[in-house]
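Undergrad: This is the structure, below, for whatever I ask next.
What follows is calculated from the coordinates using simple rules that are stated; it is not laboratory data. In this text the structure is predicted, and so the values were computed from the model without any measurement. Every residue, glycine as well, gets a Cβ built from its backbone with ideal geometry; the counts of neighbours run over all protein chains shown.
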Amino acid sequence: MRDGRKYGRWLWAVLVGGVVALTGCASGPTTIISEVQSYASMQEVQLPTTYRMELLPSQQQQASFTQIEHAAQTALQRVGLKRAERPEQARLVVQVGASASQGRAYHPSYDPYFYGPRFGWGLGYGGGWYGGWGMHWMMDAPPMVYVRAVKLVLRDARSQRIVYETSAQYDEVRVDDSQIWQVLFDAALTDFPNPPSGPRQVKTTLNPPAPKARDAAPADVSRPAQPRS
């Protein structure tokens with residue numbers, strides 16, 4: 001990640017904090033920007049077609065990978081690729097990759113190795129010139145940046161030749177793992193099977209969930225006042 005971009009992440013975190021402080025719980029649509037790059041050679045593959053998913057032993061033994069596998073399968077189905085009921089008859093073989101990491105955003109005024117006392121010498125004028133040493137203590141640190149990435153590799157089941165390779169990555173100061181995997185796989189398959197060459201950005205807009213309807217107020221079942229005789 002380039003330094004300028006990390007600096008932008010730091011500024012974005014400051015802005016987000018200010019907005020949250022001003023708006024409280026207000027929420028609206030969220031735009032997620034994914035960095036995508038794809039390589040295609042699908043001339044001999046007719047769509048729609050079927051595939052089988054080839055998972056590594058480490059993926060099969062991770063319960064958390066089920067969510068990632070489901071997100072990949074949903075994205076593949078949206079572009080005309082159906083998981084074969086009989087894997088041995090599948091036209092394509094799909095390999096899925098996913099990774100998650102995090103780290104501090106870069107900012108030029110922060111020491112990446114130590115957040116502690118800062119010393120400096122200054123010269124000033126106040127009824128006469130003076131100089132001296134000063135010290136301040138830096139208690140905070142740059143914001144945490146969360147990185148999520150996915151990759152899909154499609155091979156011809158007959159020739160074992162790779163016919164499609166695509167990846168998508170997201171890095172921001174906030175992340176929702178219940179949504180980001182689906183967003184990334186969908187972004188990775190944007191423009192399938194004829195993607196543009198070179199890296200590109202794909203924007204996805206997520207709308208907040210609709211608020212739950214409030215329960216109706218209970219009917220007033222109290223007895224009416226009886227007239228006095």
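Undergrad: Scan around ALA90 for amide H atoms under 5 Å from its own, H built in the peptide plane at 1.01 Å from N, and keep only partners 5 or more places away or cross-chain.
TA: none
Undergrad: Treat the count of other C-beta atoms within 10 Å as a stand-in for reagent exposure and order THR166, THR31, THR204 from fewest to most.
TA: THR31, THR204, THR166
Undergrad: Just report the Cα centroid separation between the stretch 88-105 and the stretch 55-84, whole Å.
TA: Centre-to-centre (Cα) distance: 8 Å.
Undergrad: Apply the Karplus curve 6.51 cos²θ - 1.76 cosθ + 1.60, θ = phi - 60°, to the phi angles in the stretch 38-43 and return the couplings in whole Hz, x for Gly and Pro.
TA: 9, 9, 10, 8, 9, 4
Undergrad: Going by C-beta contacts inside 10 Å, put PHE65, PHE192, PHE185 in order with the fewest on the left.
TA: By the 10 Å Cβ count, ascending, the order reads PHE65, PHE192, PHE185.
Undergrad: Moving on to the next point. Based on other C-beta atoms within 10 Å, arrange VAL147, VAL94 from fewest to most.
TA: Lowest to highest Cβ neighbour count: VAL147, VAL94.
Undergrad: Residue by residue, what Karplus-based ³J(HN,Hα) values in Hz, rounded to whole numbers, does the stretch 193-202 have, using 6.51, -1.76 and 1.60 with θ = phi - 60° and x for Gly and Pro?
TA: Listing the rounded values in order: x, 10, x, x, 7, x, x, 8, 10, 10 Hz.
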